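Heads up, the thing below is written out as structure tokens.
The values are calculated or read from the model by the stated rules, or taken from the named source; none is laboratory data. Note that this is a predicted model, so its numbers are computed, not measured. Backbone-built Cβ (ideal geometry, glycine too); neighbour counts: all protein chains shown. Please note that ligands, DNA and RNA were not included when accessible areas were found on the heavy atoms of the full protein model with its side chains. Shrake-Rupley method; radii C 1.70, N 1.55, O 1.52, S 1.80 Å.
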Amino acid sequence: MFLTPKEQIAIIKKGANKIVDEQDLFKKLERSYKEQQPLTIKLGLDPSAPDIHLGHAVVLRKIKQMQDLGHHSVIVIGDFTGRIGDPTGKAKGRTALNDDIVKKNAQTYCEQIFKVLDPNKTTVRFNSEWLAKLSFEEVIKLAATTSVARLLEREDFQKRYQQHIPIGIHEFFYPLMQAYDSVELEADIELGGTDQTFNILMGRTLQKHRGLEKQIAIFMPLLEGLDGIEKMSKSLGNYIGINEAPEIMFKKVMEVPDTLIIKYFELATDEHPLQVQAIQDRLQKGENPRDLKFLLAEIITALYHGSTAVEEAKAYFEVAFQKKEIPKNIPILLLEIDKERIVDIIPQLVAMGFIQSKSEFLRVIKQKGVSLNGEKMAMDDISQVLMNNDVLQIGKKRFLQFNK
């Protein structure tokens with residue numbers, strides 16, 4: 001049973017940057033409510049960067065909220081458009097992905113999106129299903145629906161044109177192909193980040209041209225990372241990955257700047273708008289931001305790992321970061337030979353993901369960021385022989401115990 005359109009729209013609007021347009025969305029919700037038929041929500045994914053973090057998950061969380069309202073989502077994996085590469089925000093043309101990379105990334109995406117979405121209310125499609133079948137005549141007709149002037153309105157194309165940086169004709173087809181996906185699916189709603197404005201609005205244009213009801217465009221804001229400044233990004237190291245261990249996720253959420261607490265409640269959780277407003281009221285009345293971040297860390301960790309893992313993550317946090325003690329149940333590395341030194345196990349630390357490289361490990365040691373059994377290590381200590389039950393700590397979050 002659907003909530004009333006008024007109740008639904010309050011939830012859909014939570015955290016959204018812009019809706020085009022809200023009046024038409026209300027009409028769609030009214031018809032859906034009257035007929036008890038779900039709306040079709042489209043999300044296109046470019047399978048070029050398969051590791052999803054909370055920034056990527058903003059639109060997924062919004063879709064999940066609409067699924068909870070009774071609607072159905074279609075995830076379009078851009079295996080065909082991936083052969084061009086989305087030129088959005090790029091200073092030069094993107095390198096096309098080959099089929100093997102696209103398939104591998106698409107599989108990884110699918111594994112991750114169902115950490116958020118309801119699989120019973122989600123259909124996954126690949127746009128090669130319809131785009132690969134278009135005849136050259138149909139492609140020409142598709143190209144005739146827009147103009148070069150319209151495409152050059154895009155800021156990225158405009159800059160490249162002004163700076164005499166080549167723009168391939170095939171790049172102009174990316175927004176058209178993404179728009180054609182909306183025609184094929186007869187999408188009622190399409191979601192994306194604010195950086196996808198041009199592409200999603202093109203879907204409305206093409207649907208109108210084909211005599212279809214225009215989709216509603218919902219744009220979600222970009223989520224700042226833990227530095228509080230830049231967009232969340234793995235390359236910048238300011239991210240919270242949805243596949244990260246519960247204790248790491250919990251600790252990272254506790255590092256969210258106080259100024260972003262409400263934004264994270266709006267964009268990274270499924271809390272009802274009234275609940276978010278209540279939390280904002282508590283913050284404005286002087287409640288300690290740290291206590292509200294603790295609540296935020298509990299909610300986000302539970303979304304991806306469940307309530308049991310939350311309790312373990314809280315216990316880990318309290319021991320490791322409040323009491324400054326060594327937590328229980330940390331990973332164990334078996335020492336394979338006698339008199340194995342710290343320098344000898346560096347390749348294993350890289351393989352386990354504890355460090356990115358030997359040079360990074362040495363850099364952190366120089367910065368006094370590595371401890372052995374609670375004692376800060378110096379460069380000379382890397383030749384130290386490891387003993388049974390020794391505990392290595394790298395930075396504030398990573399612990400490893402050695403056993404023979």
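Calculate, for region 226-268, the solvent-accessible area per residue in square angstrom, rolling a 1.4 angstrom probe over the heavy atoms of the protein chains.
Result: 40 Å² per residue.
Could you tell me what a quarter of the Cα convex hull surface of region 102-148 works out to, in nm² with one decimal place?
Seen from a random direction, the Cα hull of region 102-148 projects 5.3 nm² on average.
Please build a GNM for the chain, connecting alpha carbons under 10 Å apart, and tell me which residue among ALA315, ALA378, ALA297 fluctuates the most.
Greatest mean-square fluctuation among the candidates belongs to ALA378.
Taking the simple approach of a point 7 Å from Cα along Cα-to-Cβ for both LYS376 and ILE330, what is their distance in nm?
1.8 nm
If the cut-off is 12 Å between C-alpha atoms, which aspartates and glutamates fall inside it for LYS14, apart from same-chain ones fewer than 8 positions away?
Leaving aside aspartates and glutamates fewer than 8 places away in the same chain, those within reach of LYS14 are GLU266, ASP270, GLU271.
Determine the calculated [θ] at 222 nm for the chain from helices alone, applying -39500 (n - 2.57) to every DSSP H run no shorter than 4 residues and normalising by the residue count; nearest 500 deg cm²/dmol.
That calculation yields -13000 deg cm²/dmol at 222 nm.
Go through LEU283, ILE330, ILE189 and say which Cα lies farthest out towards the positive end of the charge dipole of the chain; charges sit on Cβ, +1 for Lys and Arg, -1 for Asp and Glu.
The residue sitting farthest along the positive end of the dipole is LEU283.
Are any of the pairs LYS34/LYS208; LYS13/LYS396; LYS103/LYS396; LYS6/LYS251 more than 30 Å apart by Cα-Cα distance, and if so, which?
LYS13/LYS396; LYS103/LYS396; LYS6/LYS251
Run the numbers for GLN284 and LYS104: contour at 0.36 nm per residue of separation, minus the present Cα-Cα distance, in nm.
Full extension of this stretch gives 60.1 nm more.
Which whole-angstrom value gives the distance between the alpha carbon centres of region 342-404 and region 222-249?
Taking the Cα centre of each part, region 342-404 and region 222-249 sit 24 Å apart.
Have a look at the DSSP beta bridges in the chain and tell me what percent are antiparallel, nearest 5.
In the chain, DSSP labels about 40 percent of beta bridges as antiparallel.
Per-residue HN-Hα couplings for region 183-198, Karplus 6.51 cos²θ - 1.76 cosθ + 1.60 at θ = phi - 60°, whole Hz, x for Gly and Pro?
In residue order, the calculated couplings are 5, 4, 8, 6, 5, 8, 9, 10, 10, x, x, 4, 6, 9, 3, 4 Hz.
Quick query: amide H of LYS18 versus all other amide H atoms, modeled in the peptide plane; which residues come in under 5 Å with a sequence gap of 5 or more or a different chain?
PHE219
Enumerate the residues in region 200-235 having an amide nitrogen under 18 Å from the point lying 7 Å beyond the Cα of ALA10 toward its Cβ.
none
For region 258-277 and region 1-65, what is the separation of their C-alpha centers, rounded to whole Å?
Here the answer is 17 Å between Cα centres.
Per 10 Å bin from zero, what fraction in whole % of the C-alpha pairs of the chain is there, up to the bin with the longest pair?
4, 19, 26, 23, 16, 9, 3, 0
Sketch the reach of a paramagnetic label on GLN367 as a point 7 Å from Cα along Cα-to-Cβ, and name the residues of region 200-233 whose backbone nitrogen lies under 14 Å away.
227
Residue by residue through region 52-65, what is 3J(HN,Hα) from phi via Karplus (6.51 cos²θ - 1.76 cosθ + 1.60, θ = phi - 60°)? Round to whole Hz and write x for glycine and proline.
Rounded to whole hertz, the list is 8, 10, 4, x, 5, 6, 4, 6, 5, 5, 5, 5, 4, 4.
Using the crude model of +1 on Lys and Arg Cβ and -1 on Asp and Glu Cβ, and no other charge, please compute the dipole size for the chain relative to its Cα centre, in debye to 20.
In total the dipole reaches around 560 debye.
Using Cα pairs closer than 8 Å and at least 6 residues apart in sequence, work out the relative contact order for region 162-236, in percent.
28 percent
Relative contact order for the chain: what percent, with Cα pairs under 8 Å and sequence separation of 6 or more?
15 percent
For region 7-85, what does the relative contact order come out to in percent, with C-alpha contacts under 8 Å and a separation of six or more?
Taking the mean separation of contacting Cα pairs over the length of region 7-85, I get 38 percent.
Heavy atoms only, probe 1.4 angstrom, no DNA, RNA or ligands counted: give me MET387, MET66 ranked by accessible area, highest first.
So, going from the largest accessible area down, we get MET387, MET66.
Using the structure shown, list the pairs from LYS27/LYS293; LYS64/LYS252; LYS141/LYS234 with a Cα-Cα distance above 28 Å, or answer none.
Beyond 28 Å: LYS27/LYS293; LYS141/LYS234.
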